Amino acid sequence: MRFFALFFLIVFLVSIDPSSGFSLIRRLNPCRVSVASTLKLCASTANGEESKSGEAPVDEAFEPYRGPQPVEALPDIFVPQVLPEEVDEELLWVPQTDTVSFRPLCLCTSGGYYVNLLRVKGAGLLSRHRHPGPVHGHVLKGRWKYLEHDWEAQAGSYVFEPPGEIHTLVVPEGVDEMITLFHVTGSLLYCDVDGNVVGADDVFTKVELAKKHYEKVGLGADFVQQFVR
């Protein structure tokens, strides 16, 4: 019954006449692209109006925003390739141990979170930890699992880690390299087998590690600032 109700609602919305002033769906007309200096798009031709030049007027829905941006807004971060193939890009990976490193993408000190690529070379146990805040992960390469769960994350997998859970990350045998994009809010609290906190990481410790590494490899401590917001 719900399916049929939803079906007839969709049919009703799609069939509404835009000229009635009650259109919830914006219909786009075919557009024409000029290879000159600007992109021109055809506006609705329902009223038959054309510009003095004989061309259809530009549809403002496809024009960039004309007004000012908030002066307090921080600049964007754009990373063209998070996994580039150039050898020099190895310098961007900040080592935490001999086999574990991270590449910062966004170190949000104003929001208390960070987004980075975590890389583990070879199999082994990474850490047992707890997150006070939520964590999102997307596996780009390799495989890994938590000892507390029966699923295994592999390339293409998405993982949501709820706040408060304690888990132990392991990269299984046969994996030469694991890379996962993690969005971590708040701290990462390292725990012993009974759940007692024995160490911690957060966006600020990530920034300090990155500063020291980039200074050491010749990029300069300020290199990390492009990722800080």
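The values are calculated or read from the model by the stated rules, or taken from the named source; none is laboratory data. Keep in mind that this is a model prediction, so the values were computed, not measured. All Cβ positions, glycine included, derive from the backbone under ideal geometry; neighbour counts span all protein chains shown.
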Which ones in region 192-229 are closer than 16 Å to residue 95 by Cα and among the aliphatic types (A, V, I, L, M)? 203, 207, 209, 210, 217, 219, 221, 224
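For (1) among the hydrophobic types (A, V, I, L, M, F, W, C); (2) farther than 21 Å from residue 203 by Cβ, each residue gets a yes or a no:
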{"site": "72", "(1), (2)": "no, no"}
{"site": "83", "(1), (2)": "yes, yes"}
{"site": "95", "(1), (2)": "no, no"}
{"site": "111", "(1), (2)": "no, no"}
{"site": "126", "(1), (2)": "yes, no"}
{"site": "132", "(1), (2)": "no, no"}
{"site": "147", "(1), (2)": "yes, yes"}
{"site": "163", "(1), (2)": "no, no"}
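State yes or no: is residue 88 surrounded by fewer than 18 Cβ atoms within 10 Å (Cβ to Cβ) and either in contact with a Ser or Thr (Cβ under 8 Å, 6 or more places away or on another chain) or more than 23 Å from residue 220 (Cβ to Cβ) (or both)? Steps first, answer last, please.
Working: surrounded by fewer than 18 Cβ atoms within 10 Å (Cβ to Cβ): yes; either in contact with a Ser or Thr (Cβ under 8 Å, 6 or more places away or on another chain) or more than 23 Å from residue 220 (Cβ to Cβ) (or both): no.
It is false that residue 88 is surrounded by fewer than 18 Cβ atoms within 10 Å (Cβ to Cβ) and either in contact with a Ser or Thr (Cβ under 8 Å, 6 or more places away or on another chain) or more than 23 Å from residue 220 (Cβ to Cβ) (or both).
Can you name every residue in region 71-104 that is under 12 Å from residue 227 (Cα atoms), touching a helix residue (DSSP H, G or I) at 6+ places or on another chain (Cβ under 8 Å) and in a loop (DSSP other than H, G, I, E, B)? Lay out the reasoning, then the answer.
As a first pass, look at region 71-104 and keep what is under 12 Å from residue 227 (Cα atoms): 74-79, 92, 103-104.
Now restrict to residues that are touching a helix residue (DSSP H, G or I) at 6+ places or on another chain (Cβ under 8 Å): 77, 103-104.
Once the filter is applied, which keeps residues that are under 12 Å from residue 227 (Cα atoms), touching a helix residue (DSSP H, G or I) at 6+ places or on another chain (Cβ under 8 Å) and in a loop (DSSP other than H, G, I, E, B), region 71-104 yields only 77.
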Taking region 167-204 and keeping residues buried (at least 17 other Cβ atoms within 10 Å of the Cβ), assigned to a loop (DSSP other than H, G, I, E, B) and among the β-branched types (Val, Ile, Thr) leaves 175
Residue 173 passes all but one of (1) out of contact with any Pro (no Cβ under 7 Å at 6 or more places or on another chain); (2) at pLDDT 95 or above; which number fails? (2)
